[in-house]
């Protein structure tokens, strides 16, 4: 292996990953953010076909925190999220510049193994996208792809993640039924389970509740809260009340003449009660945005 | 960790193999057209060199054994039969498409469309055979001898009508339902709606259908071969027997040698040029059409 | 314009349109009726499976069916892998507006319009003469493969495009490799489309005559190998009708078999397509 290139390791202690951590998680009221930087963006800019969508974002996200990205539509929140697992590569004409690191790993380096990166960075989308297979096959597919073929291991992992997302009791009798027959909220939780199956370090959630009815939305939200301190969670949301309920940190984006910029970043409480920037204050109070 | 990275390596290798092999297949498929053109050129080169282009129109007649290669009457045969078929099939095809959308009750409309699809699928040799057995004797009784330009026109009409109908049907289906609701709400009669709204908005689609039908008629071989009589002459009226370019190739290819064979390839090349022109016009119109409707 | 004249206009158009529809229906019924009327009596088990005798005036079409099957088999065996690969390349490996993709698509569009007799000429020059395969089932099958390739590619590519983009993005977000995504998610989802493409190509191949007369030839014996000349059903009808006096009754019966085959193929493809769209609607 090239000496200049550190070996690919996102998790500093891989052995700890062998089993899942204690579950259920800590009560959400307890302080949970380890003050250890997990993700570091420096002067990150994203352009689509030469048109800037996001300019000069610099921020550090702590391990185990829930960080909410808020702001009006089209200010580059989703672009930022997608650059973290290099899904931006799939968008024609999309260029990402600047520095982006997870621990020591340089995400944007051309030598980065994308498949491994995406294994450690899970992502959930606005619209639940289950594959047109059975529930079991949806969960098995990523496991098999990443080298797990043992039947009993597969089964136990599937049970574990379904328990984590609270689906186990609802679907344990029909694991071989098509996943598309589940309700929207169940599908979204299945998608979350499918991401958890690979035991990622980081979870990216792109408006995970906006396509769901209020009841399912509440269930998924509780679920996200329960992930705190187990995963580093980044969530894009348009729902300020939700951000206030669940987030430890808030990153507030705004679009300046079509170019997204990070306006303010800090602990949730500070942002909501004592915003520094006047745009943030206006957005939070509902007078703008 | 080691097993993991080797796994990754084999995956990237299989990714590489797959992408390279599909690229190769795609390039082969895309290059096929060039290959066809190249071969037609290669085989007709002796004719272009030895006989020269002008003699195909200035020689006294088509007597390949006597070194006389006039194609004019066959070109006329092809053009007349095609034009006649397009003239008959266009109104029938468009009327049928309108019938399906606005006049037939739902069940009948489904059955009718199904029938036209089946009609489109009937092999040309079967059409030719039916024409030979039924149509030609019928025409013969009315206007001897029977095998004639007329028979060719009728059979071709039957064969390209489904193409025109199905393309028109699809493009009418793309008219936004709001247009139809709006015109109905304005108290338009069905006739005004079709004449002032449906036909203008689907103009390009209908034209595409006609061009595709035209291309099919130009290239059709077996059916016209079986009903047209195949006499090499420029027809003076509808009931004269004619020979088309395609029929000429099919009839003489089996024994053609040397310059004769090259001349047949030359006529194939000419035919292909004609069809490529028509098809690419149709395709560009189709794209233009989707652009307009997308706006 | 007065209300009355508008109603009159409307009425005239109705009459015109119903007349047009009738004019189309009559020949269809006439063709089918004629085939059934004259062909049904000669159709029997032994006709389908026995060998032709006396140039096809007697006997059956057994060897011809075998030749047809072999020709179509070679055609699809070549066209389907090539079509699938090309469709994959066009939909998964190039962007929609990419120059190479547009060139390949454009050339395939034109290829789809090339007359079958021109394919016959091409096949005769390339396969029969230059590659030295002679008048053989192999030459005929390969010629037909070139002809049906654009149809297969277009249908399969459309079915790849019908798969939602989110599925691909989700698969990538899970770290699935491209090969795995194609194998486990895209191919199963596109399978009905592939089937429709195969069936459409099959229908075109079975119906073809002009491209086969001087590539696979006329010989009506049971072929012993793929290098033998073999006569397809469509060529048999042509030969009986044009070159064999008194061959008409059996030509009718053969035409009935051929049209039956084409109709079955046609129904199968629309059945699959309909089931497929209804499934898609269910899942959406």
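Where a number appears in this text, it was derived from the coordinates with a stated rule and is not lab data. Nothing here was measured: the structure is a model prediction, and the numbers come from that model. So basically every Cβ, Gly included, is an ideal-geometry build from the backbone, and we count neighbours across all protein chains shown.
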**Report entry** Among A:102-113, A:82-93, the order from most to least packed when residues are scored by Cβ within 10 Å on average
**Finding:** A:82-93, A:102-113
Requested in this report: Would you mind checking the range A:81-113 for residues with the amide N under 14 Å from a putative spin-label position 7 Å along Cα→C-beta of residue A:58?
Outcome: A:98-100
Query raised in the report: More than 26 Å apart: what percent of Cα pairs in the range C:167-280 qualify?
Result: 45 percent
Query raised in the report: What is the ratio of the Cα radius of gyration of the range B:112-180 to 2.2 N^0.38 Å, where N is its residue count, to two decimals?
Result: 1.48
**Report entry** Cα-based Rg / Dmax (Å) for the protein assembly as shown
**Finding:** 33.5, 104
Query raised in the report: Computed over the Cα atoms of the range C:3-42, what is the convex hull's projected area averaged over all directions, in nm²?
Result: 2.6 nm²
**Report entry** Between the range C:92-143 and the range A:217-289, the alpha-carbon center distance in angstrom
**Finding:** 58 Å
Query - Separation of alpha-carbon centers, the range C:26-49 and the range A:43-66, rounded to whole Å - result: 72 Å
